[in-house]
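Engineer: Sharing a structure below in structure tokens format, with a few things to ask.
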Amino acid sequence: MLVTWRYKPRKSLIQSFDPRAWIIFFACYIACTVLFWDLRYLLVLFAMAMVVVFTSGIRFSEMRRAWLFIGGFVVFFSFLTFLTGRGGIELYTEEHLITRWEAGFTLLGWRPTLTVTAEKTMYAVSMLVRVFSLASMTILIPYSLNPAHYGIIFKGLGLPDKVAYGMDLTMRFIPSFGRDFMLTRDAQRARGYELEKLSGGLVAQVRKLAPLIVPVTIHAIVSSEDIIDAMDLRAFGVGPRTWLEELHYRTRDRLLIGFGVVMLLTSIALSLFGMGKFWVPQFLLQLAAAG
Amino acid sequence: MALPPPVRIENLSFRYRSRTDFAIHNINLTVDEPQIVLIAGASGCGKTTLARCINGLIPRSYKGELSGKIYLQGQDIAGLPLARISQLVGTVLQDPERQILGSIVMNEVAFGLENLGLSRDEIRRRVDEALERLKIAHLRDRQTHYLSGGEKQKVALAGVLAMKPSILLLDEPLASLDPASAQEALEVIRGLADEGMTVLMVEHRVEDVLRVRPERVLFMKEGEIQYDGDPQHLVERVDYREVKLPAPMIMELAIKDPPPPPLNILPGVNGGSVPLVEFKDVVFGYESGPEVLHGINLQIRRGDVIAVLGPNGAGKTTLVKHAIGLLKPKRGQVLINGRDTHQLSVAEIASTLGYVFQSPSHMLFAPTVYDELAFGPTNLKHPEEEIRKEVSQAIEIVNLQGYEKTPPLSMSFGQQKRVSIAAILAMRSRILVMDEPTAGQDYKNYMNFMNSILGMPGFEAILFITHDLDMAVIYANRVLLVNDGQVVADGKPAEVLSDLERLRQCRLLPTSLLETNLQYYPRTQQFFRAEALTHVLASGN
């Protein structure tokens, strides 16, 4: 059986709009964010995301896990990019060295070296802000959409009945998968299995994950077959379907969609004029020159 | 012109693609008028296969060789798509978890009606009607996954009833219900039949169904109908060891057989009272949810065989999950052999306390039954020679000899459940805890493995959660009644189960076995299973 995300009705900016309008705005927001690398532009978008987060009415304790997971992931990879200097090369051709640090030892003849350049630093910061803005807006969605509306949202966005219901099921698949994983982990722990004590090489470790991976995977397959049977047993797909829930656009929803579209068109226009590209502030370049 | 019979089946046979023998063979059945038809039989008798043929899942979802004809309301269903058949016959599956699709009760019940393209007003009206009828209107706006097992089953039934099928097919609908909910569901079903619905009910809890006076009973064995007639004459043709009959009926039959061997419960334990597990003022609630357990005080002592009874959603599973440390109390303490579970890992507790989960599908992973069973003892670092012995004994207890090399994932649900029990038995923990060990099992199998488990040397205490009052009557030496997150009674079965008013408050209904035992208790001073009681009474006279 599918479970849902932890939605509850809240007095919040995000929930004051029709969910379809919000999804359209969200899509525009994502498109805008990926168009820019200029930190100044990105900070405007980041500020918008923060307004939505802080007016969402969702307590941090409710979202803690999602934030720790995604936040940890984003920070880790931004830092890794900074250390290795990988990525960003397509954005800049020239680098201005700020400082260079060499380890006092060598590893098999290789001396670990960290070069801090103005471009690398800005790339890491821009990347962090960009991904964080996207993540912030995305995390809120499952907490803010009424699960009873999943199907009708997609139907209302123009998808056919079957695809819309499929999307409804897909939205609920992720938390269900999480629940199954926890149940399996508990059942195996009760058999003396300790995930924390995995040892051996990579292959051996993956093999030792079988007690978790196999039941969860099989369960997912079996449940999807059950879902298909259950749908068939209740006449799914015999003809055009009525959607019990109804959604109606109000003026504020139309305004939100309008705002999203204008924002996107403006962003496209700006980027066509070559604006919003990777930007390195003057003071960093001066710092590099001084160094 | 006369109306066609609701159900007509002619020479129906089916063989699953992966099997060599036929699951059902040459079935002929005509149901002429609306009535309740009970289809009973042990697992593997073909009753579920017959149900799947009628609702069209065979051959559409389950492939194999099918011959014969099925007519529903005069229509040959062979060429019809499943969605069309579902308008003729509404199916409620054994496990509501596998049937519920909607995230909110309202949407779940409306699902079929939405698919039929009815108007919104009509859908709302029918949803409300179905919810009222099952007395669950208060659940209308609740999220389905927060419901208890019994509530889920009623919601699943409401979703089917709302579609107003002329035939209702129920596949073991009582399996996850507490006795009072089961009785309520049965009464609703009786009402539907009286109003003109044909009800086909597959169930091995014959005793419960007989209470709502089915007009007709089919008893199936080895893929064929062995008995087809009224309930009164069933007793002449049916094996009382295979389906659960009312106690007086069993007594009448069993007196002709030799008495069953006496139960040898916890043979390794002499004398008890040492506390193995102790709950001290345990309070618990899930994350931001309301409190589920309110100050539980409890000791599990050496020699205890405890049946935990209570309504759906009373907190029984939450309570026992504390015993293995999967849940830790918010306030208070749980001590295992004097040590606080806050300081122990689940794996450490597992060597003392074996816990059998309700659902086997969350734990089976190994390529063979042998490997599956060896997993626990290997984790607990038992010597290899020892593991071999433990595994083979566990296999014997759950009656799965010959399946050692079979992949557990390819087995039937009932067999998987037995593998999951054996997997814990093989660990040789000193305390065994089982959550609904008999759910999804047929009567004969669960009576056999309960006998074997209770008679296994090595356990110092056993605790099981059950909805089946008779399990407590037959096997327990102590009964815990849990209601609304509290232990409302704790004592010897004869003490706890004789308070019928309190049982009713906990949504338990006295069974014929309990009533018979209570009737003779002044003479017997002990509870017996029906087969044994009849001989005890006979020898006393």
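The values are calculated or read from the model by the stated rules, or taken from the named source; none is laboratory data. Just so you know, these numbers come straight off a predicted model, no measurement behind them. Quick reminder, even Gly has a Cβ in these numbers, built from the backbone with ideal geometry, and neighbours come from all protein chains shown. Keep in mind that these areas ignore ligands, DNA and RNA; they rest on the heavy atoms of the full protein, side chains included. Shrake-Rupley method; radii C 1.70, N 1.55, O 1.52, S 1.80 Å.
Engineer: Residues that are within 16 Å of the chain's Cα centre (by Cα), among the aliphatic types (A, V, I, L, M) and surrounded by fewer than 24 Cβ atoms within 10 Å (Cβ to Cβ): which helices (runs of 4 or more DSSP H) entirely in region B:401-483 hold 3 or more of them?
Structural biologist: Where helices (runs of 4 or more DSSP H) fall fully within region B:401-483, none carries at least 3 residues being within 16 Å of the chain's Cα centre (by Cα), among the aliphatic types (A, V, I, L, M) and surrounded by fewer than 24 Cβ atoms within 10 Å (Cβ to Cβ).
Engineer: Still on this structure, I have one more. Give B:Leu293, B:Leu353, B:Leu309, B:Leu326 a once-over and let me know the one that is free of Cβ contacts under 8 Å to residues at least 40 places away in the same chain and under 21 Å from B:Asp435 (Cβ atoms).
Structural biologist: Only one candidate passes the filter, namely B:Leu326.
Engineer: Next up: Restricting region B:360-381 to residues that are more than 7 Å from chain A (Cβ to nearest Cβ) and without any contact (Cβ under 8 Å) to a residue 12 or more places away in the chain, which is most open to solvent (accessible area, probe 1.4 Å)?
Structural biologist: B:Lys381
Engineer: Let me ask another. Show me the strands (runs of 3 or more DSSP E) entirely contained within region B:192-247 in which 1 or more residues are without any contact (Cβ under 8 Å) to a residue 60 or more places away in the chain and in the same structural domain as B:Asp171 (by TED's automatic domain parsing).
Structural biologist: Those strands (runs of 3 or more DSSP E) span B:224-229.
Engineer: Select from region B:333-344 the residues that are assigned to a strand (DSSP E or B) and touching a residue at least 40 places away in the same chain (Cβ under 8 Å) and write down the one among them that is surrounded by the most Cβ atoms within 10 Å (Cβ to Cβ).
Structural biologist: Among those residues, the one meeting the criterion is B:Val334.
Listed here are the residues, each with its yes/no results for (1) within 24 Å of A:Met167 (Cβ to Cβ); (2) at pLDDT 90 or above; (3) touching a helix residue (DSSP H, G or I) at 6+ places or on another chain (Cβ under 9 Å).
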position: A:Leu2; (1), (2), (3): yes, no, yes
position: A:Trp22; (1), (2), (3): yes, yes, yes
position: A:Ala31; (1), (2), (3): yes, yes, yes
position: A:Phe46; (1), (2), (3): no, yes, yes
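Engineer: Of the residues A:Ser267, A:Ser223, only one is within 28 Å of the chain's Cα centre (by Cα), of a type in the set (Ser, Thr, Tyr) and within 10 Å of chain B (Cβ to nearest Cβ); which?
Structural biologist: A:Ser223
Engineer: Please enumerate the residues belonging to region B:93-149 that are assigned to a helix (DSSP H, G or I), at the interface with chain A (Cβ under 7 Å from one of its Cβ atoms) and crowded, with 18+ Cβ neighbours inside 10 Å.
Structural biologist: Result: B:Glu97, B:Asn107, B:Ala110, B:Phe111, B:Gly112, B:Glu114, B:Asn115, B:Ile123, B:His145.
Engineer: To continue, here is another question. List, please: which pairs have Cβ atoms under 6 Å, are six or more places apart or on different chains, and start with a residue in region A:161-186 that is under 30 Å from B:Val346 (Cβ atoms) and within 11 Å of chain B (Cβ to nearest Cβ) and end with one that is assigned to a helix (DSSP H, G or I) and open to solvent by less than 70 Å² (accessible area, probe 1.4 Å)?
Structural biologist: Within 6 Å, the pairs are A:Asp180/A:Val216; A:Asp180/A:His219; A:Phe181/A:Val216; A:Leu183/B:His362; A:Thr184/A:Leu212; A:Thr184/A:Pro215; A:Thr184/A:Val216; A:Thr184/B:His362.
Engineer: Could you check how many residues of region B:504-522 are in contact (Cβ under 8 Å) with a residue 40 or more places away in the chain and in a helix (DSSP H, G or I)?
Structural biologist: So the answer is 7.
For (1) under 30 Å from A:Tyr249 (Cα atoms); (2) open to solvent by 70 Å² or more (accessible area, probe 1.4 Å); (3) assigned to a loop (DSSP other than H, G, I, E, B), each residue gets a yes or a no:
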| site | (1), (2), (3) |
| --- | --- |
| A:Arg6 | yes, yes, yes |
| A:Ala21 | yes, no, no |
| A:Tyr29 | yes, no, no |
| A:Ile58 | yes, no, yes |
| A:Arg64 | no, yes, no |
| A:Gly71 | no, no, no |
| A:Glu95 | no, yes, yes |
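Engineer: Let me ask something else about it. Pick out, from region B:1-73, the strands (runs of 3 or more DSSP E) lying fully within it that include 3 or more residues that are surrounded by fewer than 23 Cβ atoms within 10 Å (Cβ to Cβ) and in contact with a strand residue (DSSP E or B) (Cβ under 6 Å, 6 or more places away or on another chain).
Structural biologist: Ranges flagged: B:7-16, B:24-31, B:64-72.
Engineer: Being of a type in the set (A, V, I, L, M), assigned to a helix (DSSP H, G or I) and either surrounded by 17 or more Cβ atoms within 10 Å (Cβ to Cβ) or in contact (Cβ under 8 Å) with a residue 24 or more places away in the chain (or both) is the filter here; which residues of region A:219-243 pass it?
Structural biologist: The answer is A:Ala220, A:Ile227, A:Ala230, A:Met231.
Engineer: Sticking with this one: Please find, within region B:299-332, the residue that is farthest from the other protein chains (Cβ to nearest Cβ) out of those that are buried (at least 20 other Cβ atoms within 10 Å of the Cβ) and assigned to a strand (DSSP E or B).
Structural biologist: B:Leu309
Engineer: Take region A:146-160 and flag every residue that is within 11 Å of another protein chain (Cβ to nearest Cβ) and aliphatic (A, V, I, L, M).
Structural biologist: A:Ala148, A:Ile152
Engineer: With (1) under 28 Å from the mean Cα position of the chain (by Cα); (2) at the interface with chain B (Cβ under 7 Å from one of its Cβ atoms) as the list, and A:Phe236 as the residue in question, which single condition is left unmet?
Structural biologist: Going through (1) under 28 Å from the mean Cα position of the chain (by Cα); (2) at the interface with chain B (Cβ under 7 Å from one of its Cβ atoms) one by one, A:Phe236 breaks only (1).
Engineer: What about B:Ala185, is it more than 14 Å from chain A (Cβ to nearest Cβ), among the hydrophobic types (A, V, I, L, M, F, W, C), over 24 Å from B:Ile104 (Cα atoms) and not in a loop (DSSP other than H, G, I, E, B)?
Structural biologist: no
Engineer: Exactly one condition in (1) β-branched (Val, Ile, Thr); (2) touching a residue at least 12 places away in the same chain (Cβ under 8 Å); (3) open to solvent by 60 Å² or more (accessible area, probe 1.4 Å) is false for A:Thr106; which is it?
Structural biologist: Evaluating A:Thr106 over (1) β-branched (Val, Ile, Thr); (2) touching a residue at least 12 places away in the same chain (Cβ under 8 Å); (3) open to solvent by 60 Å² or more (accessible area, probe 1.4 Å) leaves (2) as the failure.
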